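The values are calculated or read from the model by the stated rules, or taken from the named source; none is laboratory data. Every value quoted in this text rests on a predicted model; they were computed, and no experiment measured them. Cβ placement follows ideal geometry from the backbone for every residue including glycine, while neighbour counts extend to all protein chains displayed. These area figures cover heavy atoms from the full protein model, side chains too; ligands, DNA and RNA do not enter into them. Shrake-Rupley method; radii C 1.70, N 1.55, O 1.52, S 1.80 Å.
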Amino acid sequence: MQTSLFPSNKLLKTYDAIRTSFWFVPCLIIFATLLLFASLLWLDQSLALQNTLWISFLYHADAEVTRDLLTTVAGSVMTVVSITFSITMVALTSASSQFGPRLIRNFMNDTSTQSVLGIFISIFIYCLMLAAASENFASGLYLPGLTLGGAIILTFSGIFLLIYFIHHVATNLQADNVIDNVFETMQTNILHIFDEQRSNESKDASCKSVERTLKNSFTPIHIKRSGYVQAINYTNLVQILSSYDQCAELLVTPGDYITSRMVVIHHSGDEPSPTQIQSLLSCITLGAKRTPIQDPEFAILQLVEIALRALSPSINDPYSAIACVDKLSSTLCNLVHKQFPEGIACDNEDKPRLIFKKASFQSLANSAYDQIRQHANGCLSVQLRLLEGLSRIAEQAKKKEHWEFIRQQKNMLEHELRKHDFVDHDMQEINERIALLEHIIAKRSLC
């Protein structure tokens, strides 16, 4: 999701809430179905389609029988709607208990489920309205045949849609598919977040001028509310600062929890006016929970949460934890090649205006590995896969911070493994993984 497409954080937050709701897409589908019903009924009234040979059978039926049939179909579809909602709630309950409550937004974001719910409700409304409209044609042999044909097509489509929905839910609840969906979403979110933060950067800009200005004199700006930082409109912040030729340092980043009266901005020069303070604070959107809108760590922690639940004694599913480690290692391999934001935003004249907290490879990588490593103590298969993941990252590492992370995690894993008395085969495998990682580190360090 490109956050730059939205001029304000409120619109961005509203879009995210709509995207993860069960009401917006169904409402659009219902509205489209009502338009379809009105259009087909208008065609029935305007055109003499009862004389057209290939659809004439739709216009020569008993109105009472047709109305009874439509009522029966509407009642059956309503039963299917109840079943669909029941399946959806069971799926959400299962996902919450097995994968964690924060994964529910991923299931609610599924457009297939939203569309299926909307289509079934639309079929019900369509049949009821057609049953009511057919009374106007009860006299004589004429019925709204084209509109009736639409009801027949929608009903048959609903049968196949129910089969698809059951298959879709059964597929989506499989642990490997859940993990892969979270991984794909995480990759997209991180890419867009980095693009947004780099949108105001300049290759020639340096934060030293802003730091010098703030070092001489700055005014702390306090926020009045508490909550999680869900989004920050960096573009608007830069424009506001540029409008009265000032600069600032932003002390919070999306994902941080802030308390009321906390200092969130260091503003250069004298204290800004209340209007300017309000405009600056309006660029920071708070909420009751973290979201992946601009928070790259949130997406990583979703996979970490699945792994931690899989390692818990109640679930005891090391295979899912291993799958999470594989996806996290793949993410870190991709991040090795990413250009991270510099943490400095410029105005249209390439003049530095804002210093902000930026994500780093080491912070994201530690978020991905630390908790799993701590909870995998005693689960040798997951610990070995962590070592293997470090080897894959080491094969592509380029910078000092990459090597620092690899060596730090390798030493902590080795320390934990050496504390246990493993049998010969397990010990041999541990030594082989550690030796391979050390070989890659030594070989790559010489390059």
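The figures follow:
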read-out	value
Tally of residues being acidic (Asp, Glu) and within 19 Å of the chain's Cα centre (by Cα) across segment 305-317	1
Criterion violated by Ser268 - all others in (1) closer than 20 Å to Phe218 by Cα; (2) out of contact with any Cys (no Cβ under 7 Å at 6 or more places or on another chain); (3) buried (at least 17 other Cβ atoms within 10 Å of the Cβ) satisfied	(2)
Yes/no for Ser363 being part of a helix (DSSP H, G or I), among the small types (Gly, Ala, Ser), touching a residue at least 24 places away in the same chain (Cβ under 8 Å) and closer than 19 Å to Ala323 by Cβ	no
Residue that is surrounded by the fewest Cβ atoms within 10 Å (Cβ to Cβ), among those in segment 23-60 that are touching a helix residue (DSSP H, G or I) at 6+ places or on another chain (Cβ under 6 Å) and at pLDDT 85 or above	Phe24
Any hit, segment 387-402, residues being part of a helix (DSSP H, G or I) and farther than 23 Å from Ala435 by Cβ	yes
Subset of segment 396-427 [open to solvent by less than 100 Å² (accessible area, probe 1.4 Å) and closer than 13 Å to Leu384 by Cβ]	Lys410, Leu413, Glu414, Glu416, Leu417, His420, Phe422, Asp426, Met427
Residue in segment 436-446 that is of a type outside the set (Phe, Trp, Tyr), open to solvent by 60 Å² or more (accessible area, probe 1.4 Å) and within 14 Å of Gly389 (Cβ to Cβ) present	yes
Flag if Ser320 is among the hydroxyl-bearing types (Ser, Thr, Tyr), farther than 30 Å from Ser242 by Cβ, under 22 Å from the mean Cα position of the chain (by Cα) and modelled with pLDDT of 90 or more	yes
Identity of the residue in segment 271-296, closer than 20 Å to Arg19 by Cβ and over 12 Å from the mean Cα position of the chain (by Cα), that ends up surrounded by the most Cβ atoms within 10 Å (Cβ to Cβ)	Thr285
Hits in segment 256-279 - residues which are among the hydroxyl-bearing types (Ser, Thr, Tyr) and in a strand (DSSP E or B)	Tyr257, Ser268
Count of residues meeting criterion [under 13 Å from Val73 (Cβ atoms), among the small types (Gly, Ala, Ser) and either open to solvent by less than 40 Å² (accessible area, probe 1.4 Å) or free of Cβ contacts under 8 Å to residues at least 24 places away in the same chain (or both)] in segment 142-163	3
Residue among Thr253, Thr285 that alone is assigned to a strand (DSSP E or B), among the hydroxyl-bearing types (Ser, Thr, Tyr) and under 30 Å from Ile179 (Cα atoms)	Thr285
Complete set of residues in segment 334-365 that are open to solvent by 10 Å² or more (accessible area, probe 1.4 Å) and closer than 20 Å to Met186 by Cα	Asn334, His337, Lys338, Gln339, Phe340, Lys358, Ala359, Ser360, Gln362, Ser363
Among residues of segment 292-347, those that are part of a loop (DSSP other than H, G, I, E, B), out of contact with any Phe, Trp or Tyr (no Cβ under 8 Å at 6 or more places or on another chain) and not acidic (Asp, Glu), counted	8
